[in-house]
1. Across the stretch 262-273, which residue is nearest to residue 236 (Cα to Cα) among those that are free of Cβ contacts under 8 Å to residues at least 60 places away in the same chain and part of a helix (DSSP H, G or I)?
2. Residues in the stretch 205-261 that are outside any loop (DSSP other than H, G, I, E, B) and buried (at least 16 other Cβ atoms within 10 Å of the Cβ): how many?
3. Where residues in the stretch 41-53 are crowded, with 22+ Cβ neighbours inside 10 Å and without any contact (Cβ under 8 Å) to a residue 60 or more places away in the chain, which of them is nearest to residue 84 (Cα to Cα)?
4. Does at least one position in the stretch 143-164 carry a residue that is out of contact with any strand residue (DSSP E or B) (no Cβ under 8 Å at 6 or more places or on another chain), at pLDDT 95 or above and over 18 Å from residue 108 (Cβ atoms)?
5. Going by what's in this entry, would residue 355 be described as surrounded by 12 or more Cβ atoms within 10 Å (Cβ to Cβ) and either at pLDDT 95 or above or out of contact with any helix residue (DSSP H, G or I) (no Cβ under 6 Å at 6 or more places or on another chain) (or both)?
6. Just checking: which of the helices (runs of 4 or more DSSP H) contained wholly in the stretch 274-379 hold 3 or more residues that are assigned by TED's automatic domain parsing to the domain that holds residue 131 and within 30 Å of residue 29 (Cα to Cα)?
7. Residues that are in contact with a helix residue (DSSP H, G or I) (Cβ under 9 Å, 6 or more places away or on another chain) and either surrounded by fewer than 16 Cβ atoms within 10 Å (Cβ to Cβ) or at pLDDT below 95 (or both): does the stretch 268-278 have at least one?
8. Looking for something part of a loop (DSSP other than H, G, I, E, B) and either farther than 18 Å from residue 73 by Cα or under 24 Å from the mean Cα position of the chain (by Cα) (or both) - is there at least one such residue anywhere in the stretch 38-47?
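The values are calculated or read from the model by the stated rules, or taken from the named source; none is laboratory data. Note that the coordinates shown come from a computational prediction; the quantities given were computed from them, not determined experimentally. Neighbour counts run over all protein chains shown; Cβ positions are idealised from the backbone, glycine included.
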């Protein structure tokens with residue numbers, strides 16, 4: 001064991017669907033056999049994981065009779081207890097069944113919308129039974145390929161109505177749970193509703209219970225849109241809405257790849273870890289999967305790699321914060337105004353004085369803030385030269 005060996009205190013989690021991904025893609029059949037959920041729990045415990053998350057049907061297939069459902073859940077709970085894992089987050093699958101081909105909460109067919117509510121309530125019941133305190137909504141089918149149906153504004157209203165209903169259901173049941181929206185720009189829909197962290201933040205403010213609803217931002221999803229995940233993460237933190245997080249990796253502008261954390265965008269992963277270590281105390285969830293080329297041994301190598309990379313980057317982040325030259329350069333980058341404190345408190349007299357103030361602009365135009373050196377030192381640190 002070395003300093004980067006995962007332990008439960010690191011609070012690393014995986015979904016049953018992540019390590020259980022069989023290697024299927026749109027162009028090829030599975031390359032790996034399915035994994036039994038209780039076996040997955042045992043293997044993740046061996047690797048030092050803290051918990052396991054799940055969709056409803058990852059554990060209980062749709063349509064399972066009540067008695068069989070209870071047997072499956074009981075068996076899974078025993079495995080969790082025996083191996084010391086927890087279920088911090090649960091979600092529901094509203095995207096695989098063909099009934100959701102044109103949306104779940106945003107389907108133009110009210111019968112589908114009602115079925116989606118039914119399925120979600122049952123999934124929420126299951127999550128609470130397993131101990132989850134966060135319930136995630138990834139609206140995989142909430143979107144459109146064409147807009148000729150004319151449902152855009154109605155769809156947002158239906159989406160809002162569904163979330164308001166589920167918040168009321170959770171309150172009525174006495175559940176201690178928070179909901180988290182997971183934005184994604186496209187795939188499987190051509191255009192997804194609430195595609196980015198920014199759009200989801202705006203939507204949450206329109207809900208009846210905005211205090212109950214936050215975000216589950218995902219590294220790959222913001223990267224798919226050509227955006228910076230650390231910037232999106234900062235927006236969620238600033239709004240007090242970082243309820244959960246999905247870590248993985250992605251090549252920009254590609255369809256969803258769910259690569260091992262840190263596999264492609266190492267510098268963005270570094271600043272992601274830095275933000276999480278400073279501002280987030282929840283589980284670090286890896287919503288990724290092993291390459292389709294891999295056998296089961298490769299799956300566990302992938303899972304261990306996600307966790308070790310996070311811990312390596314956390315150590316680098318601590319070194320960054322302790323590096324005297326880096327901290328001096330950061331300090332020089334931020335310049336106080338010797339004539340006034342920031343932020344100014346508004347007063348009419350202050351505004352008039354500020355409008356009349358004369359600024360010495362030539363030195364401000366000429367000043368270099370030193371970001372090239374700072375960025376180079378970041379790269380050298382990541383490459384092990386600091």
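1. 272
2. 24
3. 41
4. yes
5. In short, no.
6. In the stretch 274-379, 296-322 are the helices (runs of 4 or more DSSP H) which contain 3 or more residues that are assigned by TED's automatic domain parsing to the domain that holds residue 131 and within 30 Å of residue 29 (Cα to Cα).
7. Yes, that holds for at least one residue.
8. no
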